[in-house]
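Working notes, structure below.
Laboratory data are not the source of any read-out in this text; all were calculated from the coordinates shown. Predicted model only: the values in this text are computed from it and were never measured. Cβ placement follows ideal geometry from the backbone for every residue including glycine, while neighbour counts extend to all protein chains displayed.
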Amino acid sequence: MKRGGGVSGAVSLVMIFCVLCLAVFAVLTLATADRERNLAQLTAQSAEAYYEADRQATEVLAALQMDGPIPADVAVNRVTSAAPEGSEETVSFTIPIGEEQGLEVEALLRGGDVEVLRWQTAYTGGWETDDTLDLWSGDIY
């Protein structure tokens with residue numbers, strides 16, 4: 001007497017393999033979604049910090065233009081020079097963006113006019129060299 005159970009065992013193995021594959025893909029999808037959410041939050045925080053520094057820099061330039069009070073936490077470097085149209089003053093300052101970046105601003109003040117010469121983000125964190133790389137000296141033994 002023959003038994004016909006040989007095919008159902010192969011189908012069961014294929015079904016178990018498919019379920020395991022779907023479970024692995026589900027876990028990978030959740031992990032990727034979590035990482036993407038974290039990246040989106042970091043990007044939003046970075047953009048918020050940049051635009052806050054941008055607002056502060058604009059306020060400092062407006063205060064310089066109107067000879068108003070400058071916030072105490074902003075150090076403004078001033079260089080005055082004589083020009084044919086009158087005196088010119090070059091001002092520069094840095095507004096911190098987070099812990100390791102800053103918005104560097106340089107502007108030219110002529111009378112009541114402001115001409116922005118530089119408005120860029122720059123790395124302000126410390127940097128240390130890593131000289132621990134062991135290179136081959138050329139000796140075989």
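Describe numerically, in nm with one decimal, the distance between label points set 7 Å from Cα along Cα→Cβ at Ser81 and at Cys18.
7.6 nm
Just one of (i) 40, 35, 29; (ii) 113, 55, 28; (iii) 69, 48, 36 is Cα extents along the principal axes in Å as worked out from the coordinates here. Which one is it?
Derived directly from the coordinates: (ii).
Return the calculated 222 nm mean residue ellipticity for the chain, to the nearest 500 deg cm²/dmol, obtained by summing -39500 (n - 2.57) across DSSP H runs with n ≥ 4 and dividing by the residue count.
Dividing the helical sum by the residues of the chain leaves -16000 deg cm²/dmol.
Of the residues Val11, Val91, Val74, which exhibits the maximal mean-square fluctuation in a Gaussian network model of the chain defined by a 10 Å Cα contact cut-off?
Val11
Just add up the charged neighbours of Glu48: K/R +1, D/E -1, any other residue whose Cβ is under 11 Å from the Cβ of Glu48.
So the surrounding residues net to -1.
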